[in-house]
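I'd like to ask you about the structure that follows.
Values quoted throughout were computed directly from the atomic coordinates according to the rules given, and no laboratory measurement underlies them. Quick caveat: nothing in here was measured; it's all calculated off a predicted structure. We place every Cβ from the backbone using ideal geometry, glycine too, and count neighbours over all the protein chains shown.
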Amino acid sequence: MSTQATACIVGAFEHPTRKAGDKSLAQLHAEVAKGALEDAGLSKDDVDGYFCDTEAPGLGALSMVDYLGLQVRHMDNTDTGGSAYLLHVAHAAQAIAAGKCRVALITLAGRPRSAGQSAEPRVDYNVPDMPFEMPYGPTVVNTYGLCAMRHMHEFGTTSEQLAWIKVAASQHAQHNPHAMLRKPVTVEEVLASPMISDPLHRLDCCVVSDGGGALVVVSPEVARDLKRPAVRVIGSGEAAKHPSGGRVDLSFSAAAWAGRQAFDEAGVKPSDIQYASIYDSFTITVLMQLEDLGFCEKGAGGRFVADGNLISGVGRLPFNTDGGGLCNNHPGNRGGMTKVIEAVRQLRGEAHPAVQVKDCRLALASGMGGWMGSRHGSGVLILERTH
Amino acid sequence: MSTERVLPCPEINVENQAYWNAAAESRLLVKHCADCGHNHFYPRAICPHCFSDQTQWRESSGTGTIYSFSVMRRVAHPYAIAYIALDDGVTIMSNIVDCDLDALAIGQRVKVAFRPSDGPLMIPVFVPA
């Protein structure tokens, strides 16, 4: 077991808003920071490490540290898109193990819905791949579409099977009063929704929402003095995958590499996991991660997700019991934070009773950032209840 | 049938200038490494396979097969984005144009063509072979 296995998540907060036209971006960061620290029973003066993505306003963490009134000795702005917050948790655990900080605060906020802001990359032709890709109109949805088309071709995956992922998320979202899409949907309704980019329908896509979330990761010494249940970070992995100089292989994602690291570090197997938060920008994102993380054989994801196998209380692997990005929340077009938060809820026994996994002791959270059809970053955490 | 989508003109730099000069002459270039012997794409000065600086421009056959594609439907001018597995051993992102968007298939043979952008550059795209 590695040294970082000792760090604990003691605070987690998901902003209840899904549309924040009346709040600034910095304000959302402060509100989620306050929420997570109050959840932990800590104050902002306890924070000595701060983590945010590169969309947080200001140069790196500097403006946010100023705005929040923090005095820190460790900062990290690692950005892999929507998976960044899983890397932040891992990096916080590493920093704590190295003695660089004791109380790490991680914040995410975004308001793309109010700002009418797309999830597409800002065009910058100093980015070396852009001159060779941007003329062709790559978007988030059509590059994930490339993955789904290839998966269907190689493994016989069907749109019906992908639709089951949305169905499962919607079954969970009906119990979440904050979820954007609370109405359960059927496979037929997913297939009847408009085709956005082949083979992904509108209901294969996640929501666009404002809001955010925050986490507090602390040393075991700090965790011991707190009243809230602590969630130990017992394994983590991160990986980047890309078109490899023209050796494109869309059959798997970086989660295959990150997952192996996380499972090896934690010393557990996929079959030990009782609850999984799986990044769900699109249905295909979930399916490929499930295969890559080893929950089923490569190519068997379609059969694995069908017939409600991801529905809590029904299937073998309850996933995204908050409704996920597909139905609940995808704040700032970045869904990794809410993946960790729901895993923490499950391990604390604080998920909605209708979706709470009984005696949940071991959970996994998987993030997928960027474009799975080209360059993307995966972060995987394995989390354990302490008592 | 054919896409009416405007191809945005990228900005170019000294590292990729030759590629775009060739495109203006209806030639598709890839980079070849004299040290490791492999082609790569998109083109770099330093080989991403072996880190040699002995990279050379090579003219592609311009033929290949569709590795994957997706037709963007909810836009004014639907278009097909695709990865093309070139016969030269590299897979590249492009559009498939002048085709029936509903008849595309993975494994279909395609060949390069060149279309004007909204700026000075010509853009390599693919059409059914």
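What residues qualify as long-range amide H neighbours of residue A:372, i.e. H under 5 Å apart, gap of 5 or more or another chain, H built at 1.01 Å from N?
The answer is none.
Kindly flag which residue pairs out of A:183/A:339; A:241/A:269; A:23/A:166; A:298/B:31; A:241/A:298 have an alpha-carbon separation exceeding 26 Å in this structure.
Over 26 Å apart, Cα to Cα: A:23/A:166; A:298/B:31.
Kindly work out what percent of the DSSP beta bridges joining two residues of region A:246-382 are antiparallel, to the nearest 5.
Taking every DSSP beta bridge within region A:246-382, about 60 percent pair in antiparallel fashion.
Want the number for residue A:34 to residue A:271: 0.36 nm per residue separation, take away the alpha-carbon distance, what's left?
Here the segment from residue A:34 to residue A:271 would lengthen by 81.7 nm.
Further question: Would you mind counting up the charge near residue B:38? Only other residues with Cβ under 13 Å from its Cβ, with Lys and Arg at +1 and Asp and Glu at -1.
Neighbour charge sum, excluding residue B:38 itself: +2.
Sticking with this structure for a sec: Across peptide B:42-48, what mean number of C-beta atoms from other chains lies inside 10 Å of a residue's C-beta?
Mean shielding by partner chains, rounded to a whole number: 3.
Let me ask something additional. What does the helix-only formula give at 222 nm for the protein assembly as shown: each DSSP H stretch with n ≥ 4 adding -39500 (n - 2.57), the total divided by the residues, and the result rounded to the nearest 500 deg cm²/dmol?
Helix-only estimate at 222 nm: -7500 deg cm²/dmol.
Hey, what do the phi angles of region B:31-46 turn into as Karplus ³J(HN,Hα) couplings, whole Hz, using 6.51/-1.76/1.60 and θ = phi - 60°, x for Gly and Pro?
9, 10, 9, 5, 7, 8, x, 9, 7, 9, 7, 4, x, 10, 6, 9
Can you give the FRET efficiency to the nearest 0.05 for residue B:26 and residue A:19, using r as the Cβ-Cβ distance and R₀ = 41 Å?
0.25
About the Cα centre of chain B, what is the dipole size in debye to 20, counting +1 per Lys and Arg Cβ and -1 per Asp and Glu Cβ, all else neutral?
Dipole size: approximately 220 debye.
What helices in chain A pass both tests, a Cα length along the helix axis of 15 Å or more and a mean Kyte hydropathy of -1.0 or higher, using whole DSSP H runs?
Membrane-span-like by this criterion, though nothing is claimed about a membrane: A:25-40, A:84-97, A:140-155, A:159-173, A:255-266, A:336-348.
Give me the distance between the Cα centres of region A:364-383 and region A:116-153, rounded to whole Å.
Result: 17 Å between the Cα centres.
With just the Cα atoms defining each centre, how far is region A:29-98 from region A:277-302? Give it in Å.
Comparing the Cα centres of region A:29-98 and region A:277-302, I get a distance of 29 Å.
What ranking do A:136, A:67 get, fewest neighbouring Cβ atoms within 10 angstrom at the top?
If I rank by nearby Cβ atoms, fewest first, I get A:67, A:136.
Please report the relative contact order for chain A, taking Cα pairs under 8 Å with a sequence separation of at least 6, and give it as a percent rounded to a whole number.
26
What is the distance in Å between the Cα centroid of region B:29-73 and that of region A:187-242?
Here the two parts' Cα centres lie 35 Å apart.
Mind listing the long-range amide H neighbours of residue A:197? Cut-off is under 5 Å, sequence gap 5 or more, other chains count too, H placed in the peptide plane at 1.01 Å from N.
The answer is B:73.
On average, how many beta carbons from a partner chain sit within 10 Å of the beta carbon of a residue in B:86-94?
Whole-number average of other-chain Cβ neighbours for B:86-94 is 5.
In what order do A:257, A:371, B:57 fall by count of nearby beta-carbon atoms within 10 Å, going from fewest to most?
Ranking A:257, A:371, B:57 by Cβ neighbours within 10 Å, fewest first, gives B:57, A:257, A:371.
Calculate the dipole size of chain A relative to its Cα centre from +1 charges on Lys and Arg beta carbons and -1 charges on Asp and Glu beta carbons; express the result in debye to the nearest 20.
520
In the Gaussian network model of chain A, springs joining C-alpha atoms below 10 Å, which of A:131, A:353, A:199 carries the largest mean-square fluctuation?
A:131
So which cysteines of chain B have no other cysteine's Cβ under 4.7 Å from theirs?
Cysteines of chain B left without a disulfide-compatible partner: B:9, B:99.
For chain B, modelled as a GNM with alpha-carbon contacts under 10 angstrom, which of B:90, B:75, B:110 fluctuates the most?
In the Gaussian network model the winner is B:75.
Most mobile of A:111, A:375, A:102 per a Gaussian network model of chain A (Cα springs, under 10 Å)?
Largest GNM mean-square fluctuation: A:375.
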